[in-house]
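Below is one structure; the comments refer to it alone.
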Amino acid sequence: MGIKCLFGHQWNGCKCERCAKTQDIGHNYAVVNDKCLEKCSICGKERSIEHKWDGCKCERCGRLRSEGHNLDLSAGKCTKCEKTLEEIVRTDLADAQWSMSGDSQSKYYSKRVNSLVEACEILKQLSSISPMTYYLVDTPDGTLGRDIVGFFTESPLKTKGIRTKYSCYGKSGVSVEAQSLKDYGDMLKTQSTVATLKASGQYGVLVLMMKCGQCGYESPIETNAGDMERECYFCGTNNKSHRGEVNVFTMQGMVKI
């Protein structure tokens with residue numbers, strides 16, 4: 001404090017007009033353009049303010065959050081942040097580490113997540129997979145795997161009442177027609193592997209990508225020949241679909257899958 005304020009300051013809000021000393025009262029805050037921030041016009045002090053959320057996006061600063069999306073299901077993305085369904089799920093993924101096991105011949109990587117849609121997006125993000133390497137993601141609704149050939153399962157996945165945090169975008173109690181069933185990866189090798197497993201008495205089911213008739217998300221589902229119903233991993237809507245029987249020749253003879 002200078003001598004000129006020896007007998008008291010001459011405060012203008014938060015700042016003395018004589019010696020420029022500041023105090024933490026009397027600020028004159030104003031909102032900074034395009035930011036969730038206020039700045040005092042007298043001393044320059046800044047403070048954060050609450051976001052003004054319009055769904056998943058703040059109207060003031062443009063910050064995004066992983067809730068409140070306004071999905072355009074025909075376009076398969078949010079109209080506000082423009083993220084696709086896949087990008088929305090990946091934003092919410094926890095950074096869980098892979099556990100590794102195996103031997104000199106084969107390697108197994110595994111982790112656990114909360115839902116099949118999370119498992120699907122984790123496995124989709126694997127850029128390259130070496131031969132004899134297997135990735136398995138365990139969920140409360142079953143374990144989904146992927147190897148160099150494509151998606152696979154080693155035991156049945158749950159098909160009704162699956163867990164998803166995005167069910168608000170689905171249709172409860174209503175069945176829709178799936179948009180499509182298509183392959184993923186090397187389908188000929190996938191069919192051969194499934195047929196060989198079945199011929200040897202092991203669990204083997206053909207996994208195909210089902211495009212949901214409600215939201216358009218593609219789920220790797222276990223399929224059977226004929227009519228079937230499966231829930232979308234993203235929105236939980238029940239989808240009806242059909243696939244034909246496939247005859248595969250193996251060392252043990254012809255196998256129907």
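Calculated on the alpha-carbon coordinates, the convex hull of the range 132-257 measures out at 100 cubic angstrom per residue.
Backbone geometry of the range 205-222 corresponds, through the Karplus equation with coefficients 6.51, -1.76 and 1.60 at θ = phi - 60°, to 3J(HN,Hα) couplings of 9, 6, 9, 10, 8, 9, 8, 5, x, 9, 10, x, 6, 9, 9, x, 9, 6 Hz, x marking Gly and Pro. Each peptide in 206-217, 25-36 was scored by the mean count of other Cβ atoms within 10 Å over its residues; highest first, the order is 206-217, 25-36.
With Kirkwood's inverse mean 1/r over C-alpha pairs for Rh, give me the Rg to Rh ratio of the range 114-189, two decimals please. Rg/Rh: 0.99.
By DSSP, the beta bridges lying fully in the range 34-158 are antiparallel in about 75 percent of cases.
Based on protein heavy atoms only, the chain ends up with 56 Å² per residue of surface accessible to a 1.4 Å probe. What the phi angles of the range 46-60 give under the Karplus curve with 6.51, -1.76 and 1.60, with θ = phi - 60°, is a coupling list of 10, 8, 6, 10, 5, 5, 9, 6, 10, x, 9, 10, 6, 5, 8 Hz, glycine and proline written as x.
The range 125-143 and the range 227-257 have Cα centres spaced 20 Å apart. Here the extension length gained between Arg163 and Thr196 equals 8.7 nm, from 0.36 nm per residue of separation less the Cα-Cα distance.
Here Ser172 and Ser41 are evaluated by their C-beta separation; at R0 = 35 Å the FRET efficiency comes out at 0.10.
Counting only the backbone N, which residues of the range 47-63 are under 18 Å from the spot 7 Å out from the Cα of Asn28 toward its beta-carbon? Label zone hits: 47.
Each helix, a run of at least 4 DSSP H residues, gives -39500 (n - 2.57); summed and divided by the residues of the chain, these come to -3500 deg cm²/dmol at 222 nm. Taking a virtual spin label 7 Å from the Cα of Asp54 along the C-beta vector, which residues in the range 73-112 bring their backbone nitrogen under 15 Å of it? Residues passing the 15 Å test: 79-82. In the chain, a dipole from Cβ-located charges (positive for Lys and Arg, negative for Asp and Glu) runs towards its positive end, and of Cys168, Leu126, Gly68 it is Gly68 whose Cα lies farthest in that direction.
Shape class of the range 4-150 from the Cα gyration tensor (axes a ≥ b ≥ c, square roots of the eigenvalues): prolate, since a/c reaches 1.5 or more and a/b is larger than b/c. Computing Kirkwood radius over Cα pairs in Å directly from the structure and comparing it against (1) 20.6; (2) 22.3; (3) 22.8 singles out (2).
The GluC sites (Glu not before Pro) found in the range 1-104 that occupy coil by DSSP, while having at most 15 further C-beta atoms within 10 Å, are Glu17, Glu50, Glu59, Glu67, Glu82.
The values are calculated or read from the model by the stated rules, or taken from the named source; none is laboratory data. Treat the numbers as computed from the prediction; the structure is a model and nothing was measured. In this analysis, Cβ positions are derived from the backbone assuming ideal geometry, glycine residues included, and neighbour counts consider all displayed protein chains. Ligands, DNA and RNA are stripped out before the accessible areas are found, and what is left, the full protein with its side chains, is counted by its heavy atoms. Shrake-Rupley method; radii C 1.70, N 1.55, O 1.52, S 1.80 Å.
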